[in-house]
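Scroll down for the structure; my scribbles are underneath it.
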Amino acid sequence: MSEDEIYRQIGQILIDTAPDTASAVIVEAEISPEDDHCKLLFDYIDGNGEKDWFSPGSPEVDVGIHENLIALRNLYKAQNMTSGLPVWNSCVITLDTVLGKLKIDFNYIAPEEG
């Protein structure tokens, strides 16, 4: 699966689960080092610019986002896109539901000094 396909799938999952009043959806994701679980926090911005949290209507949303983030992280590893550093371990996904634009900001654990 390509990077673009992964981004499209994440975007579609978020469009399908976003509250009707959402102008943007924000998901904070933290993936375990073993890739076996993912902590997800869902927020949205309504048409008045107010931020609130929401819970997706189906556990399949969590599963879909988790699987796609693992695929994306594995793609980064396989294509050596980490510049020799550890791969990202968390991210903030932002979907503008009005414009249909998806952005993912990656976060990294700083290497421990030995």
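Counted by neighbouring Cβ atoms within 10 Å, the residues LEU95, LEU40, LEU75 run from fewest to most as LEU75, LEU40, LEU95. Rank GLY64, GLY47, GLY84 by mean-square fluctuation in a GNM of the chain with C-alpha springs under 10 angstrom and give only the top-ranked residue. So, out of GLY64, GLY47, GLY84, the one fluctuating most is GLY84. Counting only DSSP H runs of at least 4 residues, each contributing -39500 (n - 2.57), and dividing by the residue count of the chain, the helix-based mean residue ellipticity at 222 nm comes to -10500 deg cm²/dmol. Extension gain for the segment ARG8 to MET81, taken as residue separation times 0.36 nm less the Cα-Cα distance, is 24.3 nm to one decimal.
One entry in [x] 33; [y] 29; [z] 36 is percent of Cα pairs over 22 Å apart calculated from the shown coordinates; its label is [x]. Working note: Karplus 6.51/-1.76/1.60 with θ = phi - 60° gives segment 93-106 the couplings 9, 10, 10, 7, 6, 6, 8, x, 9, 10, 9, 10, 9, 8 Hz, where Gly and Pro are set to x.
Going 7 Å from the Cα of ILE70 in the Cα-to-Cβ direction, what parts of segment 14-43 have a backbone nitrogen less than 15 Å from that spot? Inside the label zone: 30-40. Of the chymotrypsin sites (Phe, Trp or Tyr not before Pro) in segment 1-108, the ones in a loop by DSSP (not H, G, I, E or B) with at most 15 other beta carbons within 10 Å are PHE54, TYR108.
Remark: spin-label model distance MET1-ASP105 equals 2.5 nm, labels positioned 7 Å along the Cα→Cβ axis.
For SER32 and ASP96, the difference between the fully extended length at 0.36 nm per residue and the C-alpha to C-alpha distance is 20.4 nm. Evaluated with a Cβ-only charge set (Lys, Arg +1; Asp, Glu -1), segment 1-68 carries a dipole of roughly 200 debye about its Cα centre, given to the nearest 20. Only Cα sites of segment 51-105 enter the Debye sum here, all with the same form factor; the resulting log10 I(q)/I(0) across q = 0.15, 0.16, 0.27 1/Å is -0.58, -0.65, -1.20, listed in q order.
What does the charge dipole of the chain about its Cα centre add up to, to the nearest 20 debye, if the Cβ of each Lys and Arg holds +1 and the Cβ of each Asp and Glu holds -1?
It works out to roughly 300 debye.
Readers should treat all values here as calculations from the given coordinates under stated rules, not as data from a laboratory. This structure is a prediction, so every number in the text was calculated from the model and none was measured. FYI the Cβ positions are ideal-geometry reconstructions off the backbone, even for glycines, and counts take in every protein chain you see.
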